[in-house]
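Read the figures in this text as sums done on the coordinates, not as results from a lab. If you're wondering where the values come from, they're calculated on a predicted model, not measured in any experiment. Counting neighbours? That spans all protein chains shown, and the Cβs are built from the backbone with ideal geometry, glycine included.
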Amino acid sequence: MMENMTDWRTEARNIYSNEFKLHIVGLASQPGANVTQIARETGVAHNLVFKWLSLWQKEGRISRRLPATNAPTSSPMLLPVEVISDPTLSMSKAPQPVTLLR
């Protein structure tokens, strides 16, 4: 039935350095970053960029061959919040901005 048992890959795999992966993850982590555009501009498959970004966010590493740098947290984390007044309110009745302390 399966007479020709050749590898299904037709092209060689690209090997990216950890420094390159970290650079791409840094770009993709910026607010408003377009991961697909970053992948297109750098010549990396978009699914790889998403994989590296996901690994970095969940485990603190960009390769399964590297040790994780983020220890799993068992407690919830507090995030910084900026309170913005509603622009439909008049300026005299608008609440004052709140500064949260860390």
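So what J values fall out for the stretch 37-52 if you push phi through Karplus, 6.51 cos²θ - 1.76 cosθ + 1.60 with θ = phi - 60°, rounded to Hz, Gly and Pro as x? After applying 6.51 cos²θ - 1.76 cosθ + 1.60, I find 5, 4, 4, 5, 5, 9, x, 9, 4, 4, 5, 5, 4, 4, 5, 4 Hz. For the stretch 18-59, the Kirkwood hydrodynamic radius from C-alpha pairs, put into Stokes-Einstein at 4 °C and a viscosity of 1.567 mPa s, yields a diffusion coefficient of 130 µm² per second. Spin-label model, residue 40/residue 12: points 7 Å from Cα along the beta carbon direction are separated by 2.8 nm.
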